[in-house]
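What follows is a single structure, written as structure tokens, with notes after it.
Every number in this text was worked out from the coordinates using simple rules, so none of it is lab data. In this text the structure is predicted, and so the values were computed from the model without any measurement. No Cβ is skipped: glycine too gets one built from the backbone with ideal geometry, and neighbour counts run over all protein chains shown.
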Amino acid sequence: MISIQNISISFGNFNVLNDVSVDFKKGELTCILGPNGAGKSTLLKAASGWLKSVNGSISYNGGCIKSKKVNELSKQRAFLSQKLNSSTDIRVEELVMMGRYTYYKNHPSDLDQEIVNRAMMQFGVDKMAKRSVSMLSGGEQQRVHLARVIAQIHNEEKYSKFLLLDEPVNNLDIKYQHMILSQSQTLAFEGIGVICVLHDLNLAFSYADRIILMKNGKIELDTRDIERISKEKLEEIYEVSYDKINLSQKLELV
Amino acid sequence: MSKTKKDILWYGALLLLLLLAIITSMSFGSYEDLTLSKSMRIMAYDMGLTSKADFLPLDYNVFFNIRFPRIVMGIIVGGALAMSGAVMQGLFRNPLADPSLIGVSTGASTTVSLGIIFGASTWFPYEFLNYYSLNFMAFVGALTVMIIALLIAGGKNTISLDTLLLTGIALNAIAASITGLMIFMSEEQQLRDINFWMLGSLGGASWEMIVGMMPFAIIPCFLLAFKGSVLNLISIGEENAYYSGINVDRQKLFLVLLTTLAVGACVSVSGSIGFVGLVVPHLIRLIKGNNYKLLLISSALLGAILILISDTLSRTIIAPAELPIGIITSLCGGPFFIWLIARQKKSKSIRS
């Protein structure tokens, strides 16, 4: 479990997060939604341990995040950042293998190789394994990096692992958007805690086990009862009007 | 062909080239009597393979005290400069980064010019130290610049690479202007000495010097050789490297310290030899891509090869006089770099 207690973060005089407390459990797909500047990515980065000047406490599986070593932490969570430098001239399979860095250090084992191959297949980048990442399209690069973080979080040890995705569907076509979310669902089913910042409400509503709505650095709503999120609440948060319609028993928002 | 086999073949080819460069370097020089066959005979005699000493004592002397140390130093300097260049380019994620980015080489030139003008060769109580006083000054200058740069760019617990880069530009300018002032104050012979230093040369090579610089050049290079995976991860961004399990703050400090130490050691024995650290890693990238696991050691080998070839040229072109090696490396490296830029521009853009 990732337990976040009363954290506040400010950049200069601007409060990005305001006394936020939340727990993320394993085996659950949590989607964090909210307008631009709500503090979604900052919350995710704080949970990852990257941000240093955080007031409040964050713990992983009971241990305070500050007492954990970087490589220890990297075995418990993987993070897909929005900022990915993909101009580097390195082969796809080598980039995905970087996800295993924390496990092998010098020479990847056969298991590492197998995990990497499986991750590449999962996101349909195995065909381009030998190509340079810099030559791929934005969406293809995104999928390569997804394969990398999946390889990092591959479940082989006992303690619970978390996958943190910051807007993972950026640049992806609709097929892969759904694929990412359904893969996340499967990972959650296998016991991994998946936390995903999204902008697409429809994707979130059709896949999430739990939805967190944020605005102005605060959590406005945190519920597992997704069906019951009201149109009014969404309108209040996003300041646009929605219609809720039922399409073949699935909830859609237009 | 499997990947490891390919790698072995690649390193084998580089080592073979290095051997050829060593042999070439052994066979030429302003003392023309010392040919390759004579060098070989001296080596064979020294290793006890033959008891026949069919060479003059002078040959022996030139070989062991002039040519041989020069080759060893060339290998160390070339290897260290090229590897440091590769590390800097990876760390700063900037293809234009070179080993003296934060002003280490310029700082060394400054202290050397100060030493030349103010007579550092009489400062020490021992003859030995006086003889090597300029090398000592250079190393001090390099370290001073490194410490100042790190103090400015280092915050509470992390170094900002952007700040380090900008600090480097400023320190380079300050150091260069002090050197300029020293040149202004210098007399003719002093000016020549300063100039010779700034253009770089392996001419001062001696066994004492090699022993003195070795720990500062070889140990950092040895440690850096294992940093391929770390640099690979840093190449996709500091943040992502952290998520993947790298203690970015510690690694950055480690990499900057080791490279500047190695470069400082090189500059203190050979002056500033330009372009090797910048160009060699790009040459390797051209052939093998941007995988730092391969790039670091390959760069070191190719750097050594190119320095040996350049040094041989510098000794022979206008023999018996010597051309500063920095002139040759920059004269060859510059046009090559322009070609590289033009080529990249062509292949990267569909629009052109």
**Report entry** Separation in nanometres of the label points that stand 7 Å from Cα toward Cβ, at B:Ile317 and A:Asn18
**Finding:** 6.9 nm
Report summary line: The percentage of Cα-Cα pairs in chain B separated by more than 24 Å is 59 percent
**Report entry** Global geometry of region B:273-345, whether rounded, prolate or oblate, following the gyration tensor of its Cα atoms and the 1.5 cut on a/c
**Finding:** oblate
Query raised in the report: Of the beta bridges DSSP finds with both residues in the protein assembly as shown, what % are antiparallel, to the nearest 5?
Result: 60 percent
Query raised in the report: Do you know the relative contact order of chain A, to the nearest whole percent, from alpha carbon pairs under 8 angstrom that are 6+ apart?
Result: 27 percent
Report task. Only Cα pairs under 8 Å and at least 6 apart count here; give the relative contact order of region A:82-158 as a rounded whole percent. Result -> 47 percent
Report task. Just rank A:Lys40, A:Lys25, B:Lys5, fewest to most, by other beta-carbon atoms within 10 angstrom. Result -> B:Lys5, A:Lys25, A:Lys40
Query raised in the report: Under Stokes-Einstein, with the Kirkwood radius over Cα pairs standing in for Rh, what whole-number D in µm²/s applies to region B:204-352 at 4 °C and 1.567 mPa s?
Result: 75 µm²/s
Query raised in the report: Put a dot 7 Å past each Cα toward the Cβ at B:Ile183 and A:Met135; how far apart are the dots in nm?
Result: 4.5 nm
Requested in this report: Kindly give Rg over Rh for region B:108-233, based on alpha-carbon atoms, with the Kirkwood expression for the hydrodynamic radius.
Outcome: 1.03
Report summary line: Expressed in angstrom and ordered largest first, the alpha-carbon extents of the protein assembly as shown along the principal axes are 99, 55, 50
Query - Estimated D of region A:82-158 in µm² per second, where Rh is the Kirkwood radius over Cα pairs and Stokes-Einstein applies at 4 °C, 1.567 mPa s - result: 105 µm²/s
Report summary line: Bounding extents of region A:114-247 in its principal axis frame from Cα atoms, largest first in Å, are 50, 37, 32
Query raised in the report: Arranged by the count of other C-beta atoms within 10 angstrom, fewest first, what order do B:Thr260, B:Thr144, B:Thr122 take?
Result: B:Thr122, B:Thr144, B:Thr260
Query raised in the report: Pick from B:Ala44, B:Ala175, B:Ala241: which residue has the top mean-square fluctuation in a GNM of chain B where Cα pairs under 10 Å get a spring?
Result: B:Ala44
Query raised in the report: Given Cα pairs under 8 Å that are at least 6 residues apart, what percent is the relative contact order of chain B?
Result: 29 percent
Query raised in the report: If you count, for every residue in A:133-141, the Cβ atoms of partner chains within 10 Å of its Cβ, what is the mean?
Result: 1
Report task. Rounded to the nearest 500, what is the 222 nm mean residue ellipticity of the protein assembly as shown from helices alone, with -39500 (n - 2.57) per DSSP H run of 4+ residues and division by all residues? Result -> -18000 deg cm²/dmol
Query - More than 22 angstrom apart: percent of Cα pairs within chain A - result: 56 percent
Query raised in the report: Among the helices of chain B (complete DSSP H runs), which have Cα atoms covering no less than 27 Å along the helix axis and a Kyte-Doolittle mean of at least 0.5?
Result: B:3-27, B:68-91, B:133-153, B:161-185, B:248-270, B:292-316, B:325-348
Requested in this report: Run through the DSSP bridge list for chain A and note the antiparallel percent, rounded to the nearest 5.
Outcome: 60 percent
Query - Reachable aspartates and glutamates, given that their alpha-carbon falls under 20 Å from the alpha-carbon of A:Lys130 and they are not under 8 places away in the same chain - result: A:Asp89, A:Glu93, A:Glu94, A:Asp110, A:Asp112, A:Glu114, A:Glu140, B:Asp7
Query - Hull volume in cubic angstrom per residue (convex hull over the Cα atoms of region A:1-54) - result: 78 Å³
Query raised in the report: For chain A, what is the charge dipole size about the Cα centre, in debye to the nearest 20, if Lys and Arg each add +1 at the Cβ and Asp and Glu each add -1 at the Cβ?
Result: 680 debye
Query raised in the report: Can you give the charge dipole size of the protein assembly as shown about its Cα centre, rounded to the nearest 20 debye, using +1 on the beta carbon of Lys and Arg and -1 on the beta carbon of Asp and Glu?
Result: 1000 debye
Query raised in the report: Roughly how many Å is it from the Cα centre of region B:230-283 to that of region A:1-35, as a whole number?
Result: 36 Å
Query - Cβ-based exposure ranking for B:Val211, B:Val276, A:Val125, B:Val112, in which fewest neighbours within 10 Å come first - result: B:Val211, A:Val125, B:Val112, B:Val276
Query - Pairs from B:Lys5/B:Lys227; A:Lys25/A:Lys218; A:Lys66/A:Lys127; A:Lys45/B:Lys227; A:Lys25/A:Lys127; A:Lys68/B:Lys5 whose Cα-Cα separation, in the structure shown, is over 30 Å - result: A:Lys66/A:Lys127; A:Lys25/A:Lys127; A:Lys68/B:Lys5
